[in-house]
Amino acid sequence: MLRKWIPLIFCLWFSDILTAQEHDNLWLRATVSAAISKNIKMDNELQHRRQNGWNNHNLLDENLLYSYRNWLHYKHSEGLSFSLSPFAYFSNYKIVQTEADEGQKPKGEFRFSAAVEFQQSLVGKFHLFDRTALEYRIFPKNHKEVTRFRNRLGAKYVLNEQLSFSASEEVLLNISGADISHFFDQNRLTLSATYKLSAHFKIDLSYMYLTRLSSSGDSTMGENDVLVYFTYSL
């Protein structure tokens, strides 16, 4: 049923893109991955995001987010895997939209997540993937709890064992705990390159155009995000 909303949400997002306020962010993430068994692995990740300040486009200017999260991944088959994040803590800074937003204290968030991902080989080196997840978000300071649905659909091209490219779109929807005017949360369009430096270390470089609903619910904000992710596998 939720998938029926995606074309409408995409059209609304696209119509707002020309008037959306632009923002520039840098997302950094480091992950240590350890194999528990042949089909199970555990990830521990640290994340830091930065944003531009008031009236500038310096994406390193202000804090945006710090987080810690762990994941358990179960690979059922080559095309199907399940993931569970039993604990995550996020320290979220206010998005800088006015001069007064700079230097504001962050707000904490606890998050529990579950996901399933499908992957299907297409012609040659092309693969299709789809990831569906649910997130239960707890904001202690606001005494608020929100359940968010997210779905990412994309395609990947594997050039060789070291290098691959992908393109995806992800829609995030607040399905409970938020007002109906905030049913749509975000839309993410991403282009990525993944390079394996060695058998244990890889780096993901991405550009993402993110559209998010404003806190007032009457406008959208566009973000130009540069993503740099490092993963080390034990």
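Laboratory data are not the source of any read-out in this text; all were calculated from the coordinates shown. Being a predicted model, the structure only gives us computed values, none of them experimental. For neighbour counting, all protein chains shown are included, and Cβ atoms are generated from backbone atoms with ideal geometry for every residue, glycine included.
Placing R0 at 22 angstrom, the Cβ-Cβ distance between residue 116 and residue 70 gives a FRET efficiency of 0.75 after rounding to 0.05. Charge tally around residue 58: other residues with Cβ under 10 Å, Lys/Arg +1 each, Asp/Glu -1 each, net -2.
For the chain, relative contact order (Cα pairs under 8 Å, six or more residues apart, normalised by length) works out to 17 percent.
With N set to the number of residues, divide the alpha-carbon radius of gyration of the chain by 2.2 N^0.38 Å and report two decimals. That ratio works out to 1.03.
Rounded to the nearest 10 degrees, the angle from helix 5-16 to the longest Cα principal axis of the chain is 50 degrees. One equal scatterer on each Cα of segment 42-122, no solvent, Debye formula: the resulting log10 I(q)/I(0) at q = 0.16 Å⁻¹ is -0.72. With 30 Å as the limit on Cα-Cα distance, the pairs of 41/144; 94/196; 94/156; 38/156; 41/156 that go past it are 41/144; 94/196; 94/156. Assuming charge only on the beta carbon of Lys and Arg (+1) and of Asp and Glu (-1), the dipole of the chain about its Cα centre is about 880 debye to the nearest 20. For residue 162, what charge total do you get from the other residues with a beta carbon under 15 Å from its beta carbon, if Lys and Arg give +1 and Asp and Glu give -1? Around residue 162, the surrounding residues sum to +2. Full extension of the chain between residue 89 and residue 35 yields a length gain of 17.1 nm, computed as 0.36 nm times the residue separation minus the alpha carbon distance.
Charge tally around residue 203: other residues with Cβ under 13 Å, Lys/Arg +1 each, Asp/Glu -1 each, net +2.
Only one residue of 64, 86, 147 has its Cα farthest out toward the positive end of the dipole of the chain, where Lys and Arg carry +1 and Asp and Glu -1 on Cβ, and that residue is 86.
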